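Trainee: Have a look at this one.
The values are calculated or read from the model by the stated rules, or taken from the named source; none is laboratory data. Everything numeric in this text was worked out from a predicted model, so none of it was measured. Note that each Cβ is placed from the backbone with ideal geometry, even for glycine, and that neighbours are counted across all protein chains shown. Just the protein is used for accessible areas: all its heavy atoms, side chains included, with ligands, DNA and RNA removed. Shrake-Rupley method; radii C 1.70, N 1.55, O 1.52, S 1.80 Å.
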Amino acid sequence: MEGNEREYLSWFYTNEAYNSAAITQADIDEYVNHYSAPGGMRAGFEYYRAIQQDTIQNLNYSKTKLTMPLLALGAGYYKFAANITMPFTIYGMQQVAENVTGITGPLSGHWIPEEQPQFVIDQLFKFFGQH
């Protein structure tokens, strides 16, 4: 990826958003600036390298469901899956926890805080105000 960070990141910010204009060129420039630093892409790649081991651990840990209240915000739109009724994030949390508040972000893709910042703020205040 070295030397191609802009193309790589721009693809994700553009294609994983419902509203790709929510992430501006200035935002992308800032991300590229940091991810282009030595080792800047390492953590993101390590996340995917660990998926196989994480899956095994999650299967073991999920035998005992979490009991604390959880807020799961999921995107309502994935460009390659169109509109969905049960975002993966919400479904996943419901499998491992007993008390899940699952909310689908309106008109949002993967980047919910960037695409719908007021919605996220409202949901956080509402959730933490109750708990």
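Trainee: Can you tell me which residues in the stretch 93-113 are within 30 Å of Ala26 (Cα to Cα) and open to solvent by 70 Å² or more (accessible area, probe 1.4 Å)?
Mentor: Within the stretch 93-113, Leu107, His110, Pro113 qualify.
Trainee: So, one more: Do you know which residues across the stretch 1-15 are open to solvent by less than 40 Å² (accessible area, probe 1.4 Å) and within 18 Å of Pro106 (Cα to Cα)?
Mentor: Once the filter is applied, which keeps residues that are open to solvent by less than 40 Å² (accessible area, probe 1.4 Å) and within 18 Å of Pro106 (Cα to Cα), the stretch 1-15 yields Tyr13, Asn15.
Trainee: Write out, first by first residue and then by second, each pair whose Cβ atoms fall under 8 Å of each other, whose residues are 6+ apart or on separate chains, and whose first residue, in the stretch 1-27, is closer than 16 Å to Glu114 by Cβ while the second is among the aliphatic types (A, V, I, L, M) and open to solvent by 50 Å² or more (accessible area, probe 1.4 Å).
Mentor: Listed by first residue and then by second, the contacts come to Tyr18/Leu107; Asn19/Leu107.
Trainee: Still on this model: Could you pull out every one of the helices (runs of 4 or more DSSP H) wholly within the stretch 3-51 that has 2 or more residues that are of a type in the set (Val, Ile, Thr)?
Mentor: 25-35
Trainee: Which residue is modelled with the lowest pLDDT, if the candidates are limited to the stretch 66-90 and must be open to solvent by 90 Å² or more (accessible area, probe 1.4 Å) and in a loop (DSSP other than H, G, I, E, B)?
Mentor: Thr85
Trainee: Are any of the residues in the stretch 91-106 of a type in the set (Phe, Trp, Tyr) and modelled with pLDDT of 90 or more?
Mentor: no
Trainee: While we're looking at this one, here's another question. Any residue in the stretch 57-65 that is in a helix (DSSP H, G or I) and either of a type in the set (Val, Ile, Thr) or open to solvent by less than 60 Å² (accessible area, probe 1.4 Å) (or both)?
Mentor: no
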